[in-house]
Amino acid sequence: MARMFFFLLFIGAIPWVSGIAQGQTGKELVTKGQYIFELAGGCACHSVPKETPYAGGRAFPIPLGTVYSTNITPDKETGLGNWTDQQIRDAMVKGIQHDGSRILPVMPYEGYSGMAQEDLKVLIAYLKTLKPIKKATPSLKSWAPFLRSLGRLFT
């Protein structure tokens, strides 16, 4: 009878122990992701100086106008909150937004395309831990009508 009790106790503890191990694994992923995030400059491009970090809106002048960085927080309306890991990966390494449109090459996705898959995985895990901030990305500003049309395709 005592053996049966300890066996049932052991079997009952497996999910609890497994959950702890998974939590540690998740925390380790996030810690590694934060490390890679910091190595990549903390994605300063997605932060307006002296404003809320990672909420986007930083202006980047280009020859025919101004492009603005996007919100990379997990906000569901204005950030990455409704993006899948694959969609985030595609944006980072291929320059493709979650809706299939192209990102202007102001975003250095070519540089991220050489990252190891494991590094991308942990970086994405870390991005999902950022505080969600609701802040819409300003539209591309351009004095060139053809660039404004392209802006719908690329931003």
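The values are calculated or read from the model by the stated rules, or taken from the named source; none is laboratory data. This is a predicted model, so every value here is computed, not measured. Every residue, glycine as well, gets a Cβ built from its backbone with ideal geometry; the counts of neighbours run over all protein chains shown.
When Gly81 is evaluated against the numbered criteria (1) at pLDDT 95 or above; (2) outside any loop (DSSP other than H, G, I, E, B); (3) closer than 12 Å to Leu127 by Cα, which criterion, by number, is the only one it fails?
For Gly81, the exception is condition (2).
Taking segment 61-74, which residues are closer than 13 Å to Thr129 by Cβ and either out of contact with any His (no Cβ under 6 Å at 6 or more places or on another chain) or not in a loop (DSSP other than H, G, I, E, B) (or both)?
From segment 61-74, those closer than 13 Å to Thr129 by Cβ are 72-74; that's our starting set.
Those that are closer than 13 Å to Thr129 by Cβ and either out of contact with any His (no Cβ under 6 Å at 6 or more places or on another chain) or not in a loop (DSSP other than H, G, I, E, B) (or both): Thr73, Pro74.
Could you go through segment 67-78 and let me know if any residue there is surrounded by 15 or more Cβ atoms within 10 Å (Cβ to Cβ) and more than 17 Å from Pro138 (Cα to Cα).
Keep residues of segment 67-78 that are surrounded by 15 or more Cβ atoms within 10 Å (Cβ to Cβ), which gives 67-75, 78.
Narrowing further to those that are more than 17 Å from Pro138 (Cα to Cα): 74.
Yes, there is a match, as at least one residue in segment 67-78 is surrounded by 15 or more Cβ atoms within 10 Å (Cβ to Cβ) and more than 17 Å from Pro138 (Cα to Cα).
Would you confirm whether or not segment 45-53 contains a residue that is under 29 Å from Tyr126 (Cβ atoms), assigned to a helix (DSSP H, G or I) and modelled with pLDDT of 70 or more? Even if it seems obvious, please write down each step before you answer.
Restricting attention to segment 45-53, the residues satisfying the condition of being under 29 Å from Tyr126 (Cβ atoms) are 45-53.
Adding the requirement that they be assigned to a helix (DSSP H, G or I) leaves 45-46.
Pick out the ones that are also modelled with pLDDT of 70 or more and you get 45-46.
Checked segment 45-53: at least one residue is under 29 Å from Tyr126 (Cβ atoms), assigned to a helix (DSSP H, G or I) and modelled with pLDDT of 70 or more.
So for segment 131-145 (the condition being among the polar types (S, T, N, Q) and free of Cβ contacts under 8 Å to residues at least 12 places away in the same chain), does at least one residue qualify? Reasoning before the result, please.
Of segment 131-145, the ones among the polar types (S, T, N, Q) are 137, 139, 142.
Restricting the remaining residues to those that are free of Cβ contacts under 8 Å to residues at least 12 places away in the same chain gives none.
Looking for residues that are among the polar types (S, T, N, Q) and free of Cβ contacts under 8 Å to residues at least 12 places away in the same chain, one finds none in segment 131-145, hence no.
Considering only residues that are assigned to a loop (DSSP other than H, G, I, E, B) and touching a strand residue (DSSP E or B) at 6+ places or on another chain (Cβ under 7 Å), which ones fall in segment 104-143?
The first filter runs over segment 104-143 and keeps only residues assigned to a loop (DSSP other than H, G, I, E, B), leaving 104-108, 113-116, 128-140, 143.
Within segment 104-143, Leu104, Val106, Thr137, Pro138, Leu140, Trp143 qualify.
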